[in-house]
Amino acid sequence: MKYEYKIIRSDRKTLAIQITPEGLVVRAPRQMIAAEIERSVNAHADWIEKHLPKAERTREAGRANRLTVPELNALAEQALRYIPARAAFYAPKMGVTYGRITIRNQHTRWGSCSTKGNLNFNCLLMLAPKEVIDSVVVHELAHRKEMNHSPRFYAVVKSVFPEYDRWHGWLKEHGAELLARLPDGD
């Protein structure tokens with residue numbers, strides 16, 4: 001079976017197949033040949049067939065409710081007021097500090113933490129329940145202690161936000177629809 005997909009090559013060691021708001025994405029090592037990538041995609045046909053239709057339905061639902069640029073800007077302003085306050089609330093509880101906070105309208109990420117301690121958050125979080133926002137804030141702050149996703153990292157997260165799995169699950173379930181609401185060209 002043939003699928004259309006975007007290949008992103010990097011210094012990674014293994015191949016990963018993702019279904020994103022933009023469609024099927026294959027992340028591959030730089031040196032991997034195209035035939036090997038194609039074989040791997042075809043080997044995962046059952047998984048793709050199971051998840052791709054749902055992702056397409058979700059994407060269409062989001063597109064039907066696409067935000068305008070002024071609405072997106074309003075979300076970013078709202079996020080600039082709300083998210084730093086949540087980081088200021090949780091950081092002392094976690095015993096961490098952070099640098100600056102930036103709000104963006106990203107297509108694939110909800111948040112990130114740089115090695116310098118700067119935090120980035122997606123303005124679309126403002127469309128999610130407040131608990132989801134807190135789960136992302138705590139997740140990124142936990143990277144100030146553990147720059148990985150090890151069991152120790154999740155122990156830090158859950159020590160402050162015990163319902164993390166529930167709200168992270170909400171974001172996994174509904175996140176693609178939120179991302180699909182980005183205006184065309186963003």
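The values are calculated or read from the model by the stated rules, or taken from the named source; none is laboratory data. All values derive from a computational prediction rather than experimental measurement. Note that we place each Cβ from the backbone using ideal geometry, even for glycine, and neighbour counts take in every protein chain shown.
Key figures
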item: Conditions (1) surrounded by fewer than 21 Cβ atoms within 10 Å (Cβ to Cβ); (2) part of a helix (DSSP H, G or I): number failed by VAL138; result: (1)
item: Lone unmet requirement of (1) over 30 Å from LEU67 (Cα atoms); (2) at pLDDT 95 or above for PHE89; result: (1)
item: Residue tally, condition under 16 Å from ILE133 (Cβ atoms) and part of a helix (DSSP H, G or I), over segment 150-164; result: 3
item: Residue that is surrounded by the fewest Cβ atoms within 10 Å (Cβ to Cβ), among those in segment 54-74 that are assigned to a helix (DSSP H, G or I) and at pLDDT 80 or above; result: PRO70
item: Checking ARG86 against (1) closer than 19 Å to ARG181 by Cα; (2) basic (Lys, Arg); (3) in contact (Cβ under 8 Å) with a residue 12 or more places away in the chain, the condition it does not meet; result: (1)
item: Any hit, segment 41-52, residues being outside any helix (DSSP H, G or I), farther than 24 Å from ILE133 by Cβ, of a type in the set (Gly, Ala, Ser) and not assigned by TED's automatic domain parsing to the domain that holds ALA128; result: no
item: Selected residue (only one of ARG144, ARG152 is free of Cβ contacts under 8 Å to residues at least 40 places away in the same chain and not hydrophobic (A, V, I, L, M, F, W, C)); result: ARG152
item: Counted residues, segment 93-109 - those being at positive phi and either polar (S, T, N, Q) or assigned to a helix (DSSP H, G or I) (or both); result: 0
item: Filter pass, ILE83 being assigned to a strand (DSSP E or B) and assigned by TED's automatic domain parsing to the domain that holds ALA155; result: no
item: Filter result for the condition that a residue is assigned by TED's automatic domain parsing to the domain that holds GLU131, in contact with a strand residue (DSSP E or B) (Cβ under 9 Å, 6 or more places away or on another chain), more than 29 Å from TYR154 (Cβ to Cβ) and part of a helix (DSSP H, G or I), over GLU36, GLU77; result: GLU77
item: Residue identified as surrounded by 15 or more Cβ atoms within 10 Å (Cβ to Cβ) and out of contact with any Lys or Arg (no Cβ under 8 Å at 6 or more places or on another chain) among ILE19, ILE33; result: ILE19
item: Segment 110-135 residues that are assigned to a helix (DSSP H, G or I), paired with ones that are modelled with pLDDT under 95 and not hydrophobic (A, V, I, L, M, F, W, C) (beta carbon under 6 Å, 6 or more apart); result: CYS123/ASN105
